[in-house]
Amino acid sequence: MGILKVLTRGRQSRQNKSRSLRTRWLIGCICGLLAGFIIAVSVSAAVSSTKQEKRLRAEMQDALQLADAALPVLLAQPDEKYASVAHRFVCRYDDHNGLELQLLDADGCVEASSRESQIGRRIRTEDVKAALDNGDTQFAKSKDPRFLSLSAPVSEQDEAPVRALRVVSDLEVVRRQVFHTVLITAVIGLGIIALFLLGSLLYIRTISEPVTKLTDMASRIADGSYGIQVKKTYNDEIGVLTDTVNTLSEALSKAEKLQTEFISSVSHELRTPLTAITGWSETLMYDEAIQGDSRRGIQIISSEASRLAKLVTELLDFTRIQDGRFLLNVESLDLAAELEDLVFSYGGLLRQDGVELCYTPCEGDAPLILGDPARLKQVFLNILDNAAKYGRDGACVEVSLCFDEAYITVTVRDHGSGIPENELPFVKQKFYKGSGKERGSGIGLAVCEEIIVRHMGELIIENAPDGGVLVTVKLPVAKE
């Protein structure tokens, strides 16, 4: 069963955790792809911004060089014509690739500009200061980060700069181009992510579906459905695991069948000699000539033969359950009357052993149920026998019956030491034996559970709050 626990761990994991294998895979892929997407977009924006600004700076330098080449003609004009010629000079570059050309005097005031709104404005940006004060050509950004400017000194015959030639560009054009580049990159990236996720879903499906089938199969095997097979889909590691689980299922089925046949055969073989032993021991009990230790020995033989006969009956019932031959003879049944008769007849036997059976009947007339009287009697006898066996000597075994619209409920409680909490989930499993001194065969409660389940009822075994074991049997009321 250790192998089965390993195989069923997947199903338990799915029930206890919200994330499945597929979900974890997708979350990992999405996180990785989003990180890559953000990095790609950021790098694309940085590269595009650097490239576009570099291109813009080159255009500004080209425009400045063209203007500087034609500047001597302007400077040669007489003063009365200078203003009009300067205006025509800068207007030649009006909106040249989005650039603005300005001609500044020695104080930084705009004498002429391709945009007339700037004429007369005094400009003292870093590039203008560098051109007029130091004679350097320099780029600079104004207080408004949307604009980039380039200024060059204008001098006559190697003298100090008397004017400055300035080119101004609006960086909004660069930003739009960067945005378009980033947008294209993002669209392509999202398309790649979508294709990758689709491929990942198809890929993980080839893993998760076979694993899910194997997990469900292992769970069914753990529940006793031996011999079932799952179809092999792929010839990979999952396929090898599928073959292994199928082989395991078949082997368990054969072992279970062999075990059932063996138990059935042995039980049938034991039944005849046990009947003979019981019959002869009861016959010898009537012989008054047998007294003392001999009579006591015959009583022990009779008692042990009866115990073994009960065990054989349980084994036969168990084999019938295993191979599907366990049938119920269902009829309309007054459970309250049946239980009262059982308590009356069995209570006398328990009283001889020093155990008092206390019965609390229901108030009013209990409804009928649909059930097999013999099988239900077998269940309650087993429960009462366990309560008498494991309860304290001289204590009372309490039996009560109550009902509602849906169920009739029978409770049996002893006043023994109870069942260890770690053993409670397993007491109804076949062949399970607890750690107590008086351990049974491990079959009786398993058969009782099967009988109650086939009656569409419920068998609950728990420790009572004040000590002892509380057994509850719930059976559905017959519908009118």
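The values are calculated or read from the model by the stated rules, or taken from the named source; none is laboratory data. Fair warning: this is a prediction, and the values are worked out from it, not measured in the lab. Here the Cβ is made from the backbone with ideal geometry for all residues, glycine too, and neighbour counts use every protein chain on show.
Within the group LEU258, LEU248, which residue is assigned to a helix (DSSP H, G or I), surrounded by 15 or more Cβ atoms within 10 Å (Cβ to Cβ) and out of contact with any Ser or Thr (no Cβ under 8 Å at 6 or more places or on another chain)? Talk me through it step by step, then tell me what you get.
Details: LEU258 fails: surrounded by 15 or more Cβ atoms within 10 Å (Cβ to Cβ).
The match here is LEU248.
Kindly check whether there is at least one residue in the stretch 220-233 that is touching a strand residue (DSSP E or B) at 6+ places or on another chain (Cβ under 7 Å), surrounded by 12 or more Cβ atoms within 10 Å (Cβ to Cβ) and not in a helix (DSSP H, G or I).
So in the stretch 220-233, the residues touching a strand residue (DSSP E or B) at 6+ places or on another chain (Cβ under 7 Å) come out as none.
No, every residue in the stretch 220-233 fails to be touching a strand residue (DSSP E or B) at 6+ places or on another chain (Cβ under 7 Å), surrounded by 12 or more Cβ atoms within 10 Å (Cβ to Cβ) and not in a helix (DSSP H, G or I).
Every residue in the stretch 331-371 that is part of a loop (DSSP other than H, G, I, E, B) and at pLDDT 90 or above, please.
The initial filter retains those residues of the stretch 331-371 that are part of a loop (DSSP other than H, G, I, E, B), namely 334, 353-355, 361-368.
Result: ASP334, PRO367, LEU368.
List every residue pair whose Cβ atoms sit under 7 Å apart, with the two residues 6 or more apart in sequence or on different chains, where the first one lies in the stretch 111-140 and is more than 21 Å from ASP62 (Cα to Cα) and the second, anywhere, is in a helix (DSSP H, G or I) and aliphatic (A, V, I, L, M).
GLU111/ALA86
Tell me yes or no: at least one residue of the stretch 171-180 is within 38 Å of the chain's Cα centre (by Cα) and surrounded by 17 or more Cβ atoms within 10 Å (Cβ to Cβ).
If we filter the stretch 171-180 for residues that are within 38 Å of the chain's Cα centre (by Cα), which is where we start, we get none.
Scanning the stretch 171-180 turns up no residue that is within 38 Å of the chain's Cα centre (by Cα) and surrounded by 17 or more Cβ atoms within 10 Å (Cβ to Cβ).
Considering the stretch 403-429 alone, what residues qualify as being loosely packed, with under 15 Cβ neighbours inside 10 Å and either touching a helix residue (DSSP H, G or I) at 6+ places or on another chain (Cβ under 9 Å) or under 28 Å from VAL477 (Cβ atoms) (or both)?
Kept after step one, since they are loosely packed, with under 15 Cβ neighbours inside 10 Å, are these residues of the stretch 403-429: 404-406, 417, 420-423, 425-426, 429.
Answer for the stretch 403-429, where residues must be loosely packed, with under 15 Cβ neighbours inside 10 Å and either touching a helix residue (DSSP H, G or I) at 6+ places or on another chain (Cβ under 9 Å) or under 28 Å from VAL477 (Cβ atoms) (or both): ASP404, GLU405, ALA406, SER417, GLN429.
Suppose we keep only residues that are within 30 Å of PRO361 (Cα to Cα) and small (Gly, Ala, Ser) within the stretch 312-342. Which one would you say is surrounded by the most Cβ atoms within 10 Å (Cβ to Cβ)?
The residue in question is ALA336.
Out of the residues in the stretch 142-194 meeting the condition of being of a type in the set (Gly, Ala, Ser) and at pLDDT below 75, tell me which one is nearest to GLY32 (Cα to Cα). Step through it out loud before you land on a result.
Filtering the stretch 142-194 down to residues of a type in the set (Gly, Ala, Ser) leaves 142, 149, 151-152, 155, 160, 164, 169, 186, 189, 191, 194.
Right, trim to at pLDDT below 75 and you get 142, 155, 160.
Values: SER142: 40, SER155: 59, ALA160: 60 Å.
Looking at the filtered set, the residue picked out is SER142.
Tell me, please, whether a residue that is at pLDDT 85 or above, surrounded by 14 or more Cβ atoms within 10 Å (Cβ to Cβ) and out of contact with any strand residue (DSSP E or B) (no Cβ under 6 Å at 6 or more places or on another chain) can be found in the stretch 265-277.
Within the stretch 265-277, one or more residues are at pLDDT 85 or above, surrounded by 14 or more Cβ atoms within 10 Å (Cβ to Cβ) and out of contact with any strand residue (DSSP E or B) (no Cβ under 6 Å at 6 or more places or on another chain).
Filter the stretch 129-141 for residues that are under 23 Å from VAL173 (Cα atoms) and at pLDDT 75 or above and give the result. Outline the logic, then answer.
Of all residues in the stretch 129-141, those under 23 Å from VAL173 (Cα atoms) come to 138-141.
Across the stretch 129-141, the qualifying residues are GLN138, PHE139, ALA140.
Would you mind stating whether GLU398 is in a loop (DSSP other than H, G, I, E, B) and either modelled with pLDDT of 90 or more or in the same structural domain as GLY468 (by TED's automatic domain parsing) (or both)?
On the way: in a loop (DSSP other than H, G, I, E, B): no; either modelled with pLDDT of 90 or more or in the same structural domain as GLY468 (by TED's automatic domain parsing) (or both): yes.
Answer is no for this residue.
Counting just the residues of the stretch 18-43 that are of a type in the set (S, T, N, Q) and modelled with pLDDT under 85, which one comes out nearest to ARG175 (Cα to Cα)? Reasoning before the result, please.
Step one: list which residues in the stretch 18-43 are of a type in the set (S, T, N, Q), which gives 18, 20, 23, 42.
Next, from what is left, pick out any that are modelled with pLDDT under 85: 18, 20, 23.
Details: SER18: 45, SER20: 44, THR23: 39 Å.
In this case the residue turns out to be THR23.
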